[in-house]
Amino acid sequence: MVAYLNIHTAYDLLNSSLKIEDAVRLAVSENVDALAITDTNVLYGFPKFYDTCIANNIKPIFGMTIYVTNGLNNIETVVLAKDNYGLKIISTIIGNKNECIRTCVF
């Protein structure tokens, strides 16, 4: 099984201009079995990504790039959902992050 596990799309504003359709088209041409979308702190592309992958017989893997801090450094971390429970956790992570942005004092 061949999988590309760290794809940033145009939904990852200022980090990529790659369209989901182009990523899937390239995957099909290279006989890739699965793709993981890992835009930074956003889930906006998930519905289109899922539909496009399924239509082209590519397994969609949902993920996200987040930054974890150890108090001194921000560490870029890619999280991937193994199943629907993992997808729920990713949604919770971004929901909690957005809530903190609205309510936390920096």
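For segment 8-46, enumerate the residues that are part of a helix (DSSP H, G or I), hydroxyl-bearing (Ser, Thr, Tyr) and touching a helix residue (DSSP H, G or I) at 6+ places or on another chain (Cβ under 6 Å).
Answer for segment 8-46, where residues must be part of a helix (DSSP H, G or I), hydroxyl-bearing (Ser, Thr, Tyr) and touching a helix residue (DSSP H, G or I) at 6+ places or on another chain (Cβ under 6 Å): there is none.
Could you please tell me which pairs satisfy a Cβ distance under 6 Å, a separation of 6+ or placement on different chains, a first residue in segment 19-46 that is free of Cβ contacts under 8 Å to residues at least 24 places away in the same chain, and a second residue that is of a type in the set (Gly, Ala, Ser) and in a loop (DSSP other than H, G, I, E, B)?
Filtered contacts from segment 19-46: LYS19/ALA10.
Among the residues of segment 47-70, which ones are free of Cβ contacts under 8 Å to residues at least 40 places away in the same chain and outside any strand (DSSP E or B)?
PRO47, LYS48, TYR50, ASP51, THR52, CYS53, ILE54, ALA55, ASN56, ASN57, ILE58, ASN70
Given ILE75, ILE61, ILE37, which one is β-branched (Val, Ile, Thr), more than 17 Å from ASN96 (Cα to Cα) and surrounded by fewer than 18 Cβ atoms within 10 Å (Cβ to Cβ)? Spell out the reasoning first.
Numbers: ILE61 fails: surrounded by fewer than 18 Cβ atoms within 10 Å (Cβ to Cβ); ILE37 fails: surrounded by fewer than 18 Cβ atoms within 10 Å (Cβ to Cβ).
On inspection, the qualifying residue turns out to be ILE75.
All of the numbers you see were taken from the coordinates with simple rules; none came from a lab. Just so we're clear, the structure is a prediction, and the values are computed from it rather than from any experiment. Backbone-built Cβ (ideal geometry, glycine too); neighbour counts: all protein chains shown.
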